[in-house]
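What follows is one structure encoded as structure tokens, with my remarks underneath.
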Amino acid sequence: MVVNPNNPTGAVYSKQELSNIIEIASRHNLPVATDEIYDRIVYDEQFASLASLARETPIFGLNGFSKAYLMTGWRLGYIYVQDPVGKLRHIWEGIEKMSRVRLCASTPTQKAGVEALTGPQTHIPEMVKKLKQRRDFTIKRIESIPRLEIAKPNGAFYVFPKVDLRGAPWSNDVEFVTELLKETGVLVVHGSGFDPIYGQDHFRCVFLPDESMLSEAFDAIENFMKTHT
């Protein structure tokens, strides 16, 4: 399973990294599912779809309209398969059967999806420009807060800072985000909820709000850290 651009880290995989993933999958006869819903929201790197690099490796691609087209809540997405030699034909047939029986987006929503894809796309670069400014602002603020480390995200709208918990009053990231919420009202998501090993001692936050709201939130986080460490 590949999530690119990534949630929660905002990482964007290079063509070489994706090719390496395909090579490993091919060597072990594994299909690859790829979630690319943030494919239009990238900053410093070019996005490459996994399916554009694969040959005989079966690819299940997932995407939707809630991010790039601001249709959150409309619950409209899609799945495709790239399977040149038909290795997973039986699985795709099962997906089609399930879709006919259990899944159906409303007709107005489907019409809106067509208009989104075929209509003007000028809002997307404008949105990405604003988000990049907010990303840069977020990184600058986090880098100035004691005990926080941050890697620059190149896609989506998340950052995934690491908290230095050595000598801190919180024993793990769950306690950290819980106390932060109780004392400041700032809500972030504990990193170990995404992965108990690689996500531990991290938290995810979004940089969707405008800079004034982000500044208010990071002021509260900074005061929280200074008070307790």
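Here are some notes:
- Efficiency of FRET between residue 130 and residue 23 - r from beta-carbon atoms, R0 41 angstrom, step 0.05: 0.65
- Paramagnetic reach from residue 115 (point 7 Å along Cα→Cβ, amide N under 16 Å) across the stretch 45-65: 65
- Both radii come from the Cα set of the stretch 97-229: Rg as radius of gyration, Rh as Kirkwood radius; their ratio Rg/Rh reads 1.11.
- Highest-first arrangement of 26-38, 49-61, where packing means the average Cβ count within 10 Å: 49-61, 26-38
- Taking a point 7 Å out from the Cα of residue 122 in the direction of its Cβ, the residues of the stretch 64-108 whose backbone N falls within less than 18 Å of it are 69-70.
- In sequence order, calculated HN-Hα J values of the stretch 154-165 (Karplus, 6.51, -1.76, 1.60; Hz; x Gly/Pro): 10, x, 6, 9, 10, 10, 9, x, 9, 9, 7, 8
- Beyond 24 Å in Cα-Cα separation lie the following of the pairs 15/97; 129/182; 130/182; 67/111; 129/152: 15/97; 129/182; 130/182.
- Gain in span if fully extended, residue 220 to residue 14, counting 0.36 nm per residue against the direct Cα distance: 70.6 nm
- Candidates 68, 11, 116: whichever shows maximal mean-square fluctuation once the chain is modelled as a Gaussian network with Cα springs under 10 Å: 116
- Using θ = phi - 60° and Karplus 6.51 cos²θ - 1.76 cosθ + 1.60, couplings along the stretch 223-229 (whole Hz; Gly, Pro as x): 5, 4, 5, 5, 6, 9, 10
- Residue 45/residue 149 FRET efficiency (R0 25 Å; Cβ-Cβ; nearest 0.05): 0.75
Values quoted throughout were computed directly from the atomic coordinates according to the rules given, and no laboratory measurement underlies them. Computed from a predicted structure; not experimentally measured. Every residue, glycine among them, receives a Cβ derived from its backbone with ideal geometry; neighbour counts consider all protein chains shown.
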